[in-house]
Amino acid sequence: MPIANRSAVANSLLAALPRKECQHLIDDLEQVALTYGEVLYEPAEKIKYVYFPNDSIVSLLTLVDQHQALEVGLVGREGMVGIPLTLEIAMSSVRALVQGTGTAMRMKAAHVIKELRQSHALQRELHRYTYSLMAQITQTAACNRFHVVEARLARWLLMTHDRMQTNQFRLTQEFLSHMLGVRRVGVTKAARTLQQDKLISYSRGNITILDRDGLERASCSCYEIVKDMHDGA
Ligand SMILES: [Zn+2]
C-alpha cells in the first residue's frame, strides 16, 4: 500500500526528518502489515528490505548451536530493522522476528543506500539510532548474564509496552522463553511472581499490564539505562 502523506508516518525516526526529506522518502516507502511470528530475516541472509515499524514490534534474535535463540534487541516505532545497511552491509547477522502485529513502512535495500548517500538528515537519524541500538544490545548482553528472570521480564514488558502503546499484548511462553533465554518453567515462575504482585495478569498467552509504576520498580536498572541512552543520543 503506498503512503499518501507524512501524517500517516507513526515511526518516530522518519517523523523526526525535516518535512521535505520525509515527503521525498515516502515515494520509496510502502506500508506493509507484519504478523506475529513472521520472520523478516535469518542470519547470513541478504537484506532485501528495511522496515520502519509504526505499531508493530520486531525482535532481534541471535541463534546459538542452530536451535537456541536469544533476544538481543527489540525494535519498534523508535527505530528501523535492517541496521547493517547503514554501514552499507546488506547481510543480517540476526533473526528478525515479528513479535507484535501491526504495520511498518518498508524500503528496498538499494533505495536505502542511495538515500543515505544523498540525505544528511537521514544519515544523522540512522546513525543516532544505530548507536542507540548498539547500546541496547550491549546492555542486554550484561542483563542476560547478571539479572534475575523476574527483573528481566519486567524490563522486557516495559520495553514492549513503550513500543506497542497498549496495555494488552499476546505473548506465548515459547516466545518469552526465547526472549529471556530461559526454559519455559522459568518463564512461568517469573510471570507468576509478577502476577502475584498484581503488576500483570497473564492467561493463555495474553499479558495485561496492570501497574506500570510497579513494573518499573520490579525491573532491573537496564531499562532506565537504555532509555536514557536512546533519549540522549
Ligand atoms: Zn538488566
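Which aspartates and glutamates have a Cα less than 20 Å from the Cα of residue 189, not counting those fewer than 8 places away in the same chain?
Straight-line reach from residue 189, under 20 Å: 71, 150, 174, 197, 211, 216.
Return the subset of 48/114; 198/227; 20/114 for which the Cα-Cα distance in this structure is over 19 Å, preserving the input order.
Values: 48/114 14 Å; 198/227 24 Å; 20/114 17 Å.
From the list (48/114; 198/227; 20/114), the Cα-Cα distance tops 19 Å for 198/227.
Before anything else, pin down the relative contact order of the chain: Cα pairs under 8 Å, at least 6 apart, normalised by residue count, whole percent.
Computed value for the chain: 20 percent relative contact order.
About its Cα centre, what dipole magnitude does the chain give when the only charges are +1 on Lys and Arg Cβ and -1 on Asp and Glu Cβ, stated in debye to the nearest 20? Walk me through the numbers on the way to the answer.
Working: 27 positive and 24 negative charges, 43 e Å.
Value, rounded to 20: 200 debye.
Taking the Cα-to-Cβ direction at residue 188 and at residue 66 and moving 7 Å from each Cα, how far apart do the two end points lie in nm?
According to this spin-label approximation, the distance is 2.9 nm.
With θ taken as phi - 60° and the coefficients 6.51, -1.76 and 1.60, list the Karplus ³J(HN,Hα) couplings across segment 36-47 in order, rounded to whole Hz; mark glycine and proline as x.
2, x, 6, 9, 8, 9, 10, x, 6, 9, 5, 8
For n ≥ 4 DSSP H runs only, could you compute -39500 (n - 2.57) per run for the chain, divide by its residues and tell me the 222 nm figure to the nearest 500? Before the final figure, lay out the partial values.
Values: 9 runs with 104 residues, N = 233.
Mean residue ellipticity at 222 nm (helix-derived): -13500 deg cm²/dmol.
Work out, step by step, the length gained on full extension between residue 229 and residue 213: first 0.36 nm times the residue separation, then minus their alpha carbon distance; give nm to one decimal. Display every interim value, and only then the final one.
On the way: separation 16, 0.36 × 16 = 5.76 nm, distance 2.04 nm.
That works out to 3.7 nm of additional length.
Non-local amide H neighbours of residue 38 (under 5 Å, H modeled in plane, Pro and chain starts lacking H): which ones?
Hits under the 5 Å cutoff: 98.
So what's the projected area for segment 14-86, the Cα convex hull averaged over all directions, in nm²?
Details: hull surface 22.6 nm².
Convex hull of Cα atoms, orientation-averaged projection: 5.7 nm².
Quickly work out the residue 124-to-residue 174 label distance, labels modelled 7 Å from Cα along the C-beta direction, and quote it in nm with one decimal.
It is 4.6 nm.
Ratio of the chain's C-alpha Rg to 2.2 N^0.38 Å, to two decimals? If you can, show how the numbers build up before the last one.
Values: Rg = 17.5 Å, N = 233, 2.2 N^0.38 = 17.5 Å.
That works out to 1.00 for the chain.
Every number in this text was worked out from the coordinates using simple rules, so none of it is lab data. No experiment lies behind these values; they were computed from the predicted model shown. Quick reminder, even Gly has a Cβ in these numbers, built from the backbone with ideal geometry, and neighbours come from all protein chains shown.
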